[in-house]
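Just so it is clear, none of the values below were taken in a lab; they were calculated from the coordinates. The shown structure was predicted, so the numbers you read here are calculated from the model rather than taken from an experiment. Cβ coordinates were reconstructed from backbone atoms using ideal geometry, including for glycine residues, and neighbour counts include every protein chain displayed.
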Amino acid sequence: MTKPSDKAYRLAVDIGGTFTDLVVIDETGRQVWSDKVLTTPDDPARGVLHGLSRLMAAHGFQGGDLANVIHATTLVTNAIIERKGAVTGFITTKGFQDILHIGREIRYDLYDMAIDLPPPLVPRHLVREVEERVDNEGNVVAPVSEDEVRRAAAELAAEGAEAISIGFLHSFMRPAHEERAEAIVRQDHPQVALSVSSRVAPEIREFERFSTTVANAYVQPLMQRYLAKLSTQLQEMGVESDLHLMLSNGGIASVNTVRDFPVRLVESGPAAGVLAATFFGSLAGLNNIIAFDMGGTTAKICLVNDGQPGVTYTFEVARARRFKRGSGLPVKVSALDLIEIGAGGGSIARVDSMGLLQVGPESSGASPGPACYSLGGTHATVTDSDLLLGYVNPAYFLGGEMPLDVEAAKKAVDGVATRLGLDGLRTAWGIHDLVNENMASAMRIHIAEKGQDPRKYTLVATGGAGPVHAYHVAAKLNMRRVVCPRSAGVASSLGLLVAPPKMDLVRAYPARLDELDWEYLAQVYREMEEELRARLAEVGVKTEEVELVRVADMRYVGQGHEVHVRLPDGPLSKASLGPIMERFQAVYQTIFGRVTPGVRVEGINWRLFAQGKARPLPPLGGIGPASSKQKDAALKGTRAVYFPEYQGYHTTPVYDRYRLPPSVVYAGPAVVEERESTTVVGPSGKFHADATGNLVIELG
């Protein structure tokens, strides 16, 4: 295999619900090329190969010229939401057969008498108990019954299980029983995918740990088949470099890591969008932003403070209620702390039983797509409405490559209008405005939970539909500034190219800080460091380039939940107690506004983050010549665009994004077009292209 350093090109691919985005960087020529093709849900790899073939033909490079291929995908999330994973069995400690079904025994809505919870990924008839027991301090109470493990695995295999998950009580303190059970199952059933909780999520809280392990097993066969197929097809196109993938925490990992822990991809694509927004925000000198990524199927929102996206260590998938904590399946993986709602260009508009307009969360996706795509879709969608409002140019969608059918959009929207008793224009605006309100409401809730004020942030909009809706969403939140990066429609793929190789591990060691065995803790961190360095070496990170950060989950003794505290650098010893306590109190004070003197503090989980260096992007450009100060240099013409301020259509200038002169200020209303997206600026806005190609909008 040719060394990556001998190659000149890097490829990033993000498979979304509607479009697959590809970006190639020519690092020698310092050029960036992109393409956007419809996702192929029946075979996601087909869309990837189609897009890559187009890029190769257009720009004259070959598969063998690629130094690396970085990939983000929603395959794991979709498999869990749509229940399209493997038939999965679960082997657990005797007496705990029902733990997946009992869950937390907490009602996420006290006043809903018909509360709905997502059923576990493993049905009860595929759960088996075996004799074994370890207490909460890691002492063996009863050895594992090897005969019962063999019998349980044989029964599950006979029931058609393609994957088996193993989760024993308190295995995070002593994993030996799980490891022995794994060895037995692997020997007897080598064709079955295996996940054990002491490796997937070695933390306290049995339900969350077991739920995560089951989810990992559930998607393991699917991801193994997909990655094997994609890797083979890329090789057939001459690609010799390794395939890397985006993790939920915003890091890049090898295929080997993902095969073992596919659940870490649960927020793969959305994480890439957040990194892109953070990167472009930093180019504009903005460190406190709201990353807003709206694609064809969903919208994603993440708060970024001091240039760092928030991180969470427990995530929920397949929520029964999109804004209700506790209504989904918990997975204990580190992930960028974002929310995702069913609001995208393909979100379907309908009239409910009460005669009210609803938009989403159902989406037309890539197949059949919005009515205006002329691919068989008949439902009115957000994209159909945006087209009728004049926000989207039917002759310039994807740079004119995919003409849109205005009459089909009008027919679909008129169908909704008839049921509402309104005209088509008011209905189109209602669809657009309602999806904006849905997204603004989600942002209000998310930001309020963080104790922040949206007016202190800049909205950075990415995704094909993000810049179309960003101005009106920001106005609803009383925000004063919006930034729309160049190539916003493929920003998630750009985010993959600026993401660092990164992984993290966690180990449980519950102990009061004043009783810690510091040598044991140091050994735990040494073991995690050794494993992480080996994992990062798989993606080309040299040992001397690895940056390490230690974090502890801590709480006052007697509390049920923890706060996350970064530990001081350097060796850990009894002398570290004072600095750690100070950091804990500072974090606790920030979150809760007070501390509790005299109450002892304990550490529960100990985390280690390892990260390599991100490779920089070449300048994206995308602005007109610096010597040109003529405002009309970028003017393409005018068209009728709807704005509520005018109570109808208004003749509005349309600008070519690629010809906007730098720093020249334009007044709204306006539409700014580029190949992958369109930016809409309302009558009260002003905008300009900055030196890096960002479009900066100031709201009046």
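Some notes on this structure:
- Computed over the Cα atoms of the range 502-611, pair by distinct pair, the Kirkwood hydrodynamic radius stands at 14.7 angstrom.
- The alpha carbon centroids of the range 130-162 and the range 490-532 are separated by 29 Å.
- As an equivalent ellipsoid, the range 475-521 spans semi-axes of 44, 20, 8 angstrom, where each value is the square root of five times an eigenvalue of the C-alpha gyration tensor, largest first.
- Helical content alone sets the calculated 222 nm signal of the chain at -9500 deg cm²/dmol, taking -39,500 (n - 2.57) per DSSP H segment of four or more residues and averaging over every residue.
- Debye intensity ratio I(q)/I(0), log10, the range 1-106, q values 0.10, 0.12, 0.15, 0.21 Å⁻¹ (C-alpha model): -0.46, -0.57, -0.71, -1.09
- Average Cα contact separation per residue, the range 631-699, under 8 Å, 6 or more apart, as relative contact order %: 25
- DSSP H segments from the chain that extend 24 Å or more along their own axis, Cα-based, with Kyte-Doolittle mean of -0.5 or above: 206-236, 424-449
- Gyration tensor over alpha-carbon atoms, the chain, equivalent ellipsoid semi-axes in Å: 44, 28, 27
- Sorting the Cα pairs of the range 84-224 by distance into bins of 5 Å, from 0 upward, gives 2, 11, 21, 23, 20, 12, 6, 3, 2, 0 percent per bin.
- Sequence-distant aspartates and glutamates (8 or more away, or on other chains) whose Cα lies within less than 15 Å of Lys229: Asp42, Asp43, Glu240, Asp242
- Listed peptides 547-553, 655-661, 292-298, 576-582 appear in the order 292-298, 655-661, 547-553, 576-582 once ranked by packing, highest mean of other Cβ atoms within 10 Å at the front.
- Once you reduce the range 433-479 and the range 538-612 to the center of their Cα atoms, the two points are 32 Å from each other.
- The chain: antiparallel DSSP beta bridges as a percent of all, rounded to 5: 70
- Which of Phe280, Phe584 has the fewest Cβ neighbours within 10 Å, and the rest in rising order: Phe584, Phe280
- When the charge dipole of the range 631-699 is built from unit charges on Cβ atoms (+1 for Lys and Arg, -1 for Asp and Glu) and taken about the Cα centre, the candidate among Val680, Thr692, Thr652 whose Cα reaches farthest toward its positive end is Thr652.
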